[in-house]
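Presented below is the structure to which this report refers.
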Amino acid sequence: MTMNATIETAPEPDAVSQRLTFVLAAACGMVAANIYYAQPLIAPISAALGLSHAAAGLIVTMTQIGYGIGLLFIVPLGDLVENRTLICSVIMLGAAALLAAAFSVHALPFLVAALFIGLGSVAVQIIIPYAAHLAPEAIRGRVVGNVSTGLMLGIMLARPVSSFVTAASSWHTVFFASAALMIVLAAVLWMTLPKRKPVARMHYGTLLLSMPHLALHTPLLRRRALYQASLFGCFTLFWTVAPLQLAGAFGFSQQGIALFALAGVAGVFAAPIAGRLADRGHSRIATLVAMLLAALGFLATYIGVPGSMLNLACLVVPRSPSISACRATSCSASAPSSCSGTSSAAA
């Protein structure tokens, strides 16, 4: 299959090469990292922009709001628009927003830019279904698991990278560098990805209106959405509070917070394992284990006196495996359309 082939039918056995899987995984990691660069930098960014301690959470919240809006209104376009064009366009939107954030010296422009950074980051949620559509059913879980590994690696490395760069230069440098990376990434994906033109059976407005119908009549979708919402909520809660707690109760510098964040990188190994379990029909077991790991991880934070070394050690208990495992099983336990914001099967 040539790089300009249009995929409209069942995927060929060799539709997803190891090289293409690596490119998709790397793209997911680079794009997803944009959402999380600011989390350990809340203190220096809020100080530079004149935000109060109470309003500092908006630095992260605005990005998540933009991400949520993108999930609702941009990701469904994956069922209508040629996917390579859509992915590259959304990534370039993120690059423009990152540049705006890098140049910001006041709170309002930065927060608006953060909103659009979230919008641009939903390219991840177009890439993962794209990979699932390319992959034959027999190896779909493995492919999605490998791509999710790149996603989780980007999420977990974003914090230490941004902390180290800020300590060496400034937080502005983080956003300048990421904007440049997104421009290069969009060019590489444009030259590398096969085209995929969905067989559109409905208009955009009808597609949006079909989502409540899907939620009401697809029990699997409701369950997986609940799992993802709960786990991602826990994940975001932890990583929004942890940098402030580490800087306050434990007196960590930006380098110390970066080293703490590196401990979570172990979670990337969970995604390919979960994907293979899903291929073998064990997605329920993998999902249950993921949720139990998350619950036990939070319970462990109560061990030891707050601010003690024992308490710090318990904070390092990895929570990322639960997120990556649940993501991989959610996207591979059913048809590829279940990985996206909508389903073409609903037509």
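The values are calculated or read from the model by the stated rules, or taken from the named source; none is laboratory data. Owing to the predicted nature of the structure, the values given are computational and were not obtained by experimental measurement. Because the Cβ atoms are built from the backbone with ideal geometry, glycine has one as well, and the counts that use them run over all protein chains shown.
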* Structure fact -> The condition of being more than 12 Å from the chain's Cα centre (by Cα), crowded, with 20+ Cβ neighbours inside 10 Å and not charged (D, E, K, R) holds, among Leu108, Leu98, only for Leu98
* Does Val268 qualify as being β-branched (Val, Ile, Thr), outside any helix (DSSP H, G or I) and at pLDDT below 80? -> no
* **Residue within segment 3-16 that is outside any loop (DSSP other than H, G, I, E, B), modelled with pLDDT of 85 or more and farther than 17 Å from Phe176 by Cα present** => no
* Can you tell me which residue within segment 79-105, out of those that are in contact with a His (Cβ under 9 Å, 6 or more places away or on another chain) and part of a helix (DSSP H, G or I), is farthest from Val23 (Cα to Cα)? => Phe103
* **Residue that is buried (at least 17 other Cβ atoms within 10 Å of the Cβ) and closer than 30 Å to Thr85 by Cβ, where the choices are Pro243, Pro194, Pro212, Pro160** => Pro194
* Take the residues in segment 59-79 that are surrounded by fewer than 20 Cβ atoms within 10 Å (Cβ to Cβ) and farther than 11 Å from Ile126 by Cβ, then tell me which one is farthest from the chain's Cα centre (by Cα). => Phe73
* Listed residues Ala290, Ala300, Ala294, Ala261; which is among the small types (Gly, Ala, Ser) and at pLDDT 80 or above? -> Ala300
* Given Phe238, Phe252, which one is within 30 Å of Leu310 (Cβ to Cβ), surrounded by 18 or more Cβ atoms within 10 Å (Cβ to Cβ) and over 23 Å from the mean Cα position of the chain (by Cα)? -> Phe252
* Structure fact -> Of all helices (runs of 4 or more DSSP H) fully inside segment 111-208, the set with 2 or more residues that are of a type in the set (Gly, Ala, Ser) and closer than 23 Å to Gly66 by Cα is 140-168, 171-192
